[in-house]
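The structure appears right after this line, and notes come after that.
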Amino acid sequence: MLEATLEIGKKVKPEFERREKRTYDIFRAIEYKTQVVAGINYFIKVCQPEHLLES
């Protein structure tokens with residue numbers, strides 16, 4: 001399960017960075033769940049400590 005979570009994080013990082021218009025040094029998926037509908041929706045929880053420092 002952990003390996004699958006990390007692989008999903010690697011796959012979504014480029015799209016997330018493109019949408020946010022910035023890059024992240026640390027971007028680690030720590031949890032995910034799926035929902036099966038007409039396809040599969042992924043809900044991913046990401047550990048991103050830089051965000052906490054900016055608050």
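For the reader, a short list of remarks on this structure follows.
- Subset of the range 22-48 (residues that are in contact (Cβ under 8 Å) with a residue 12 or more places away in the chain, part of a loop (DSSP other than H, G, I, E, B) and charged (D, E, K, R)): 25
- Number of the condition not met by residue 13 [criteria: (1) outside any strand (DSSP E or B); (2) under 11 Å from the mean Cα position of the chain (by Cα); (3) modelled with pLDDT under 80]: (3)
The values are calculated or read from the model by the stated rules, or taken from the named source; none is laboratory data. These numbers come from a predicted model, not from an experiment. Cβ atoms come from the backbone with ideal geometry, glycine included; neighbour counts cover every protein chain shown.
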